[in-house]
Structures are given as C-alpha cells and as structure tokens.
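S.K.: Supplied in structure tokens, the structure appears directly below.
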Amino acid sequence: MKNEKPELLLAGSMMQYVEDQLEDIFTVHRLAKAAKGEALLAEIAPRVRAIATAGGAPVDAALMQKLPKLEIVSNFGVGYDSVDAKWAGAHGIVVTNTPDVLTEEVADTTIGLLIATVRQLPQAERYLRAGKWLEKPFPLTAATLRDRTIGIIGMGRIGKAIAKRLEAFGLAVVYHSRRPTSGVPWRHYPDLIAMARDVDVLIVIVPGGPATKNLVNRDVLEALGPNGILINIARGSVVDETALIEALRSKKILSAGLDVYVEEPRVPKELIDMDHIVLLPHVGSASIHTRRAMGQLVVDNLKAWVEGKGPLTPVPETPWPPKGR
C-alpha cells in the first residue's frame with residue numbers, strides 16, 4: 001500500500017514526546033518492550049527501514065545484518081560508540097547523531113565538575129549537612145585552579161567550548177588529538193604522555209570505541225603526577241579504570257572528577273568509597289532543555305530521510321551524500 005508508513009525499530013526507550021513523533025512518521029516496533037525480542041525481529045526484519053536508538057542497546061553488525069532493508073540508524077547523543085558505524089557505512093546504511101545541541105550544556109557541566117573537584121565543593125556541602133561546621137571550619141583545600149595548566153584530550157566542538165570557558169578563567173590551555181585542529185590558538189601535543197607531564201589537569205572529551213579504549217592508561221596517569229587531577233566527561237572506556245583506582249589510592253594523582261564509567265550505572269565500590277574525588281551519574285547533557293533538543297534532532301534526521309532530503313547530521317563514517325556521488 002502506497003500510504004503505509006515505513007517501519008522503524010526502536011532499540012530502547014526514548015522520551016515520550018520523541019516516541020509520539022516517531023509514531024506519526026513510522027510504524028514503530030519497540031524491541032525493549034517485546035516479550036520475545038528475537039521473535040519480533042524475525043517477523044519484522046524484512047520490512048524495517050530505520051532504527052532509532054538511545055545507546056543503551058547496541059546496534060551492531062549482528063543486528064543490522066538481520067534487516068535487509070535498513071537504510072538509517074538515528075542515534076540519540078553525540079557519542080555513537082554503541083553503533084557499528086563502520087559496518088553500517090560499508091553496507092550503505094547512514095548513521096546520524098546529535099551534535100551541537102548539547103555542546104554548551106556538556107561544556108558547562110565540565111567546568112562545574114572541574115571546580116567541584118578542585119575545591120572539594122560536594123565534600124564541603126556534606127560537611128555542613130552533617131553538622132560538622134558547628135564544631136570547626138571545613139579544612140582548607142589542597143588544590144586551586146590558580147596557576148594551573150589544563151590539558152584537553154580531544155578538540156572537537158565540545159573541546160573548543162570547554163577551552164573558551166577555561167580561558168575566561170585566566171587558565172592556560174593545551175590539547176592532545178591525533179592531528180592539530182585548524183583555527184584554534186592553543187598548543188597541540190601529538191604525544192599524550194608529554195602533555196600529561198606538562199599540565200596539572202587532564203580533561204577527557206573524546207569519543208568512545210576501540211580507537212580510544214584505555215587511552216588514559218597507567219603511564220598517562222603517572223605522567224600527570226601527584227598534583228594532577230583527571231576530569232572525564234567523555235566515556236568510561238577511554239580511561240583505564242583499574243589504573244585510575246590504583247593511581248588515586250597510591251596518590252600518584254591528586255584527585256578525579258568523573259561523570260562516566262566503564263559499566264554504567266555500576267560504579268566500582270573502590271571509587272564510591274573514596275571521599276577525595278567527585279562522582280556524577282552521567283549528567284553531562286542531562287537538562288530537560290538539552291535532552292529535548294537532542295530527541296528532536298533524532299526525529300528530524302529520520303523525518304528528513306523519509307522525505308528524501310537526506311540526513312541532517314550524518315557521522316563521519318557514513319558521509320552524505322556518499323563519497324563518489
């Protein structure tokens with residue numbers, strides 16, 4: 001039937017207003033809510049043209065190859081390491097993400113986490129709530145932002161937004177990436193360990209995935225040194241969590257502020273038991289305003305595709321129009 005809606009697989013729940021809009025465009029199949037997921041896939045596989053995913057459920061080659069008519073995967077979030085974009089690109093499937101709309105929110109969270117970690121603000125609040133201020137003042141913090149050099153690992157959209165905020169604080173900024181970023185004034189370090197030796201704070205804001213797994217390892221943490229602070233707002237997989245715990249325990253680094261972990265929402269007890277670090281529950285972009293904008297971009301990418309306009313924000317592995325056209 002010409003008027004039938006194209007069929008979409010929803011690989012995990014999304015905000016209701018997103019799901020409502022998807023229902024207007026597609027016949028939606030909710031994999032997470034299916035009593036028998038494999039049976040549902042077997043029944044709808046020949047007809048599914050699109051996937052919407054929030055990253056909780058992997059969209060890997062094993063799933064995509066079951067869907068012979070799949071054309072597009074619309075990912076909620078700027079990070080898309082749960083989607084095998086390389087495989088998708090090799091098989092003519094477009095993958096989109098939600099850049100730009102969360103840049104400022106994540107940059108704001110990064111600065112908040114940095115200050116909270118350096119000045120131990122959550123610890124100070126717990127001290128007050130426990131009534132300890134009545135007994136004596138909160139101890140002076142060992143660290144300060146003054147006279148610190150900040151090294152940013154990654155200089156994409158969010159990295160640039162973080163660097164601009166840091167400059168407004170009067171802080172020196174340098175960065176590490178695979179290649180220099182054009183049009184930025186900050187010094188580029190091709191060698192991460194060399195940068196770690198030269199800075200007082202490392203801020204991690206690179207994509208997850210195999211290419212960056214354990215990028216911040218034991219050697220990097222040792223180079224950062226006993227006065228160093230690590231801030232991870234990217235993906236838990238980018239930091240060797242075991243090495244980080246060891247470095248914090250042995251005081252090879254001073255502290256850490258973490259928003260992401262290897263096995264979320266499970267956070268290692270060793271980290272939870274440490275009172276000199278700051279832990280957040282992956283809230284980098286978690287405001288209603290920003291999450292709604294991200295959800296809307298998921299919908300807009302799919303809508304543009306259905307209307308034959310092409311994707312709005314394809315990822316680098318699946319450029320649009322495809323190379324050669």
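Here, each number is a calculation from the coordinates, and none is a lab measurement. All figures in this text were calculated on a predicted structure; none of them were measured in a lab. When we count neighbours, we look across all protein chains shown, and the Cβ atoms used for this are built from the backbone with ideal geometry, even at glycine.
S.K.: For the chain, what does the relative contact order come out to in percent, with C-alpha contacts under 8 Å and a separation of six or more? Intermediate values should be presented prior to the final figure.
M.R.: Details: 582 pairs, mean separation 56.0, N = 325.
17 percent.
S.K.: Now a separate question. Considering only DSSP states other than H, G, I, E and B, which trypsin sites (Lys or Arg not before Pro) in the range 179-279 qualify as loop sites with at most 11 other Cβ atoms within 10 Å? All intermediate terms of the calculation are to be shown ahead of the outcome.
M.R.: On the way: sites: Arg187, Arg197, Lys213, Arg218, Arg235, Arg249, Lys251, Lys252, Arg266, Lys269; in loops: Lys213, Arg235, Lys251, Lys252.
Sparse-neighbourhood loop trypsin sites (Lys or Arg not before Pro): Lys251.
S.K.: Work out the length of the dipole vector of the chain about its Cα centre, built from +1 on the beta-carbon of each Lys and Arg and -1 on the beta-carbon of each Asp and Glu, and round it to the nearest 20 debye.
M.R.: On the way: 39 positive and 37 negative charges, 71 e Å.
The calculation lands at about 340 debye.
S.K.: Which values of log₁₀ I(q)/I(0), to two decimal places, follow from the Debye formula for the range 202-325 at q = 0.12, 0.18 Å⁻¹ with a uniform point scatterer at every Cα?
M.R.: Computed log10 I(q)/I(0) values: -0.59, -0.94.
S.K.: Further question: Rounded to whole Hz and in sequence order, give me ³J(HN,Hα) for the range 221-228 from the Karplus expression 6.51 cos²θ - 1.76 cosθ + 1.60, θ = phi - 60°, writing x for Gly and Pro.
M.R.: Values, residue by residue: 5, 5, 5, 4, x, x, 9, x Hz.
S.K.: So for each of 135-146, 75-86 I average, over its residues, the number of other beta carbons within 10 Å; can you give me the resulting order with the highest mean first? Spell out each step's value before the answer.
M.R.: On the way: 135-146: 11.1, 75-86: 22.7.
In descending order of packing, they fall as 75-86, 135-146.
S.K.: Charges on Cβ only, +1 for Lys and Arg, -1 for Asp and Glu, centred on the Cα centroid of the chain; of Leu63, Pro207, Gln21, which one is farthest towards the dipole's positive end?
M.R.: Pro207
S.K.: In addition: Length gain on complete extension for the stretch Leu279 to Glu4, per 0.36 nm per residue less the alpha carbon to alpha carbon distance?
M.R.: Details: separation 275, 0.36 × 275 = 99.00 nm, distance 4.79 nm.
Going from the current span to full extension adds 94.2 nm.
S.K.: Given Leu140, Gly170, Gly37, which one lies farthest toward the positive end of the charge dipole of the chain, if we put +1 on the Cβ of every Lys and Arg and -1 on the Cβ of every Asp and Glu?
M.R.: The residue sitting farthest along the positive end of the dipole is Gly170.
S.K.: For Leu128 and Gln16, calculate 0.36 nm times their separation in residues minus their Cα-Cα distance, and state this gained length in nm to one decimal.
M.R.: On the way: separation 112, 0.36 × 112 = 40.32 nm, distance 3.89 nm.
Contour length minus the Cα-Cα distance gives 36.4 nm.
S.K.: Which ³J(HN,Hα) values in Hz, rounded to whole numbers, follow from the phi angles of the range 159-168 under the Karplus curve 6.51 cos²θ - 1.76 cosθ + 1.60, where θ = phi - 60° and Gly and Pro get x?
M.R.: x, 5, 5, 5, 4, 5, 5, 5, 4, 5
S.K.: To continue, here is another question. Which value, in Å³ per residue, describes the convex hull spanned by the Cα atoms of the range 103-279?
M.R.: Measuring per residue, one finds 121 Å³ for the Cα hull of the range 103-279.
S.K.: OK, next. So if R0 is 35 Å, what FRET efficiency would Ile288 and Lys164 give, r being the distance between their Cβ atoms, rounded to the nearest 0.05? Please list the in-between numbers first.
M.R.: Numbers: r = 25 Å, r/R0 = 0.71.
Efficiency at R0 = 35 Å is approximately 0.90.
S.K.: By how many nm would the segment from Ala39 to Asp147 grow when fully extended, if each residue of separation counts as 0.36 nm and the alpha-carbon distance is taken off? Show your work: numbers first, answer last.
M.R.: Numbers: separation 108, 0.36 × 108 = 38.88 nm, distance 6.03 nm.
That works out to 32.8 nm of additional length.
S.K.: Can you compute 3J(HN,Hα) from phi for each residue in the range 280-293, using the Karplus curve 6.51 cos²θ - 1.76 cosθ + 1.60 with θ = phi - 60°, rounded to whole Hz and x for Gly and Pro?
M.R.: 10, x, 6, 10, x, 10, 8, 10, 4, 4, 6, 5, 5, 5
S.K.: Across the range 125-230, how large is the tail of the calculated P(r) beyond 16 Å, expressed as a percent of all Cα pairs? Working shown, then result.
M.R.: Numbers: 3444 of 5565 pairs.
Summing the P(r) tail past 16 Å for the range 125-230 gives 62 percent.
S.K.: What size of dipole, in debye to the nearest 20, comes out for the range 220-325 about its Cα centre when the only charges are +1 on Lys and Arg C-beta atoms and -1 on Asp and Glu C-beta atoms?
M.R.: Values: 12 positive and 13 negative charges, 106 e Å.
It comes to approximately 520 debye.
S.K.: Still on this structure: What's the exposure ranking of His276, His29, going from fewest to most Cβ atoms within 10 Å? Before the final figure, lay out each step's value.
M.R.: Values: His276 14, His29 19.
Ranking His276, His29 by Cβ neighbours within 10 Å, fewest first, gives His276, His29.
S.K.: Can you give the Rg and Dmax of the range 178-239 based on its C-alpha atoms, in angstrom?
M.R.: 11.7, 33
S.K.: Using a 10 Å cut-off around each Cβ, can you sort Met195, Met15 from fewest to most neighbouring Cβ atoms?
M.R.: Values: Met195 23, Met15 17.
In increasing order of surrounding Cβ atoms, one gets Met15, Met195.
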